[in-house]
Amino acid sequence: MSVAKPLRIGIAGLGTVGGGVLKLLASHGELLTQRTGRTLQVTAVSARDASRDRGVDLSSVRWYQDAAALAVDPEIDVFVELIGGSDGIAKRAVEAAIAAGKHVVTANKALLAHHGSALATAAESAGLTLAFEAAVAGGIPAIKGLREGLAGNNIREVHGILNGTCNYILTEMRTTGRDFADVLADAQRLGYAEADPSFDIDGVDAAHKLAVLTAVAFGTKVDFKSVHVEGIRHISALDINYAQELGYRIRLLGIARRTEAGIEQRVHPCMVPTNSPIGATDGVFNAVVADGDFVDKVVLVGRGAGAGPTASAVVADLVDIARGRSTPTFGVPAEQLAPLVSSPISRRQGRYYVRLMVVDRPGVIADIAATLRDQHVSMEAFLQRGRSPGEAVPVVWTTHETDEAAMQSALAAIGALDAVLEPPRMIRIEDF
């Protein structure tokens, strides 16, 4: 087989993922050449520390201090952005690469969530590829699966576990019985959580990924501002235990769903059936479930982060470029992406779990039931363990299907009752 000229690659950012990409390209160079008919050759890099050992010989590679200067290097064909961040140098470098006629591969979900539509328009107008398999769910081929594998379907819904840190924390809480703060501290010591874990545990990271998935699934412009976002700080070991008793597990999920009112985009803790694919996905693993009109449900499960899985996704995009395979960034041409018509969280229809801490005295349950009745919320199951007159006790119930607005009104009224000692804890139930 004749071999075409090498695909010349510039990589900005040589941290965990960048180092993984270098190692993968070095160890699988011959295999990749067989699969593409070209050598995938790293010719230039940008990183803060040129002296650090990355396990690969970089002595013949050009080094840049400025990623934006690397992006316009005339001796590269593809610019790989692994810096991170929605703005700043990452955005400037990607824009510069496109303006200079370079294909772009990125793992930067924040950049795509905030600027994906504009970047896609610029790249496609120039006849270039903007590829981002590594930006969502690490090594899971979620983007290619939706955009290419399910291209013959109208997608009704896509949902999944999009943040391994949160899934690890919730799994450890269930298996060890420890509470949130204790498990988070362990996750930080083990390197599963950052020193400042806010982006993960407050749901922002998952929301960035969901906004990108929504655009691919529904052919809409990326609209991060329309994502409803909640995190897992308020989940307690008590809630984890009650979930198990009711046949559920708690997961932080991203859900994008087509409804009559528009497209829901929401990230928040959910109770899901224990025996569902999502319920069975533990630890640092991610899972993405797509529901298409012809294919029904497709489930993808794998490692959502780390050097190896994310590098695998980056190189998959480089292979496509080396083969000359071109696909619209979000599945349809950028100029045809429709504005997203958002269905707000207040219009959600579904079931709910609620936990209260109340003073154990006569009439409390009757007051709660009357409040639910007044808001047209129907109770399905009720749990109260033991008696402790005059003391604080947990009270738990689940509802029949109702709408979010009615549920929020009921919770506000219940929270105002004298016998209720702390704000009600509510978790949405998703019967996937």
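The values are calculated or read from the model by the stated rules, or taken from the named source; none is laboratory data. Every value quoted in this text rests on a predicted model; they were computed, and no experiment measured them. So basically every Cβ, Gly included, is an ideal-geometry build from the backbone, and we count neighbours across all protein chains shown.
Could you tell me which residue of the stretch 257-277 is nearest to residue 208 (Cα to Cα), considering only residues that are among the hydrophobic types (A, V, I, L, M, F, W, C) and touching an Asp or Glu at 6+ places or on another chain (Cβ under 8 Å)? Quick ask: steps written out before the conclusion?
Taking the stretch 257-277 and keeping what is among the hydrophobic types (A, V, I, L, M, F, W, C), we get 261, 263, 267, 270-272.
Remaining after also requiring touching an Asp or Glu at 6+ places or on another chain (Cβ under 8 Å): 267, 270-272.
Values: 267: 10, 270: 18, 271: 22, 272: 22 Å.
The extreme case among them is 267.
Answer with yes or no whether residue 80 is in contact with a Leu (Cβ under 8 Å, 6 or more places away or on another chain), at pLDDT 95 or above and not assigned by TED's automatic domain parsing to the domain that holds residue 12. Answer is no for this residue.
So which strands (runs of 3 or more DSSP E) are wholly in the stretch 1-108 and hold at least 3 residues that are on the phi < 0 side of the Ramachandran plot and surrounded by 14 or more Cβ atoms within 10 Å (Cβ to Cβ)?
On the way: elements: 7-12, 40-46, 62-64, 78-81, 103-106.
Of the strands (runs of 3 or more DSSP E) lying wholly inside the stretch 1-108, those with at least 3 residues that are on the phi < 0 side of the Ramachandran plot and surrounded by 14 or more Cβ atoms within 10 Å (Cβ to Cβ) span 7-12, 40-46, 78-81, 103-106.
Only residues that are of a type in the set (Asp, Glu), without any contact (Cβ under 8 Å) to a residue 60 or more places away in the chain and part of a strand (DSSP E or B) were counted across the stretch 226-267, and they come to 0. When residue 115 is tested against (1) buried (at least 19 other Cβ atoms within 10 Å of the Cβ); (2) in contact with a Leu (Cβ under 9 Å, 6 or more places away or on another chain); (3) not hydroxyl-bearing (Ser, Thr, Tyr), only condition (2) is not met. When you scan the stretch 253-267, do you find a residue that is crowded, with 19+ Cβ neighbours inside 10 Å and over 21 Å from residue 340 (Cα atoms), even just one? Checked the stretch 253-267: no residue is crowded, with 19+ Cβ neighbours inside 10 Å and over 21 Å from residue 340 (Cα atoms).
Look at residue 149 and say whether it is within 30 Å of residue 102 (Cα to Cα) and in the same structural domain as residue 299 (by TED's automatic domain parsing).
yes
Can you go through 392, 412, 381, 369 and tell me which one is among the aliphatic types (A, V, I, L, M) and within 23 Å of residue 264 (Cβ to Cβ)? Can you show your working first?
Values: 392 fails: within 23 Å of residue 264 (Cβ to Cβ); 381 fails: within 23 Å of residue 264 (Cβ to Cβ); 369 fails: within 23 Å of residue 264 (Cβ to Cβ).
Only one candidate passes the filter, namely 412.
Only one entry of 308, 283 meets the criterion of being out of contact with any strand residue (DSSP E or B) (no Cβ under 9 Å at 6 or more places or on another chain) and either in a helix (DSSP H, G or I) or of a type in the set (A, V, I, L, M) (or both), and that entry is 308. Scanning the stretch 153-191 for residues that are touching a residue at least 40 places away in the same chain (Cβ under 8 Å), of a type in the set (Gly, Ala, Ser) and out of contact with any strand residue (DSSP E or B) (no Cβ under 8 Å at 6 or more places or on another chain) returns a single hit, 177. The test for being more than 12 Å from the chain's Cα centre (by Cα) and closer than 26 Å to residue 110 by Cβ does not hold for residue 204.
Could you check the stretch 352-370 and list, in sequence order, the residues that are more than 15 Å from residue 415 (Cβ to Cβ) and of a type in the set (Asp, Glu)? First the steps, then the outcome.
The first filter runs over the stretch 352-370 and keeps only residues more than 15 Å from residue 415 (Cβ to Cβ), leaving 353, 360-363, 365-366, 369.
Passing the criteria: only 360.
Among residues of the stretch 286-301 that are touching a residue at least 40 places away in the same chain (Cβ under 8 Å) and part of a strand (DSSP E or B), those with a Cβ under 9 angstrom from a residue that is charged (D, E, K, R) and loosely packed, with under 15 Cβ neighbours inside 10 Å, sequence gap 6+ or separate chain, pair up as 289/297; 290/297; 291/297.
Condition (residue is at pLDDT below 90 and not basic (Lys, Arg)) applied to the stretch 347-362: is it met by at least one residue? Yes: one or more hits.
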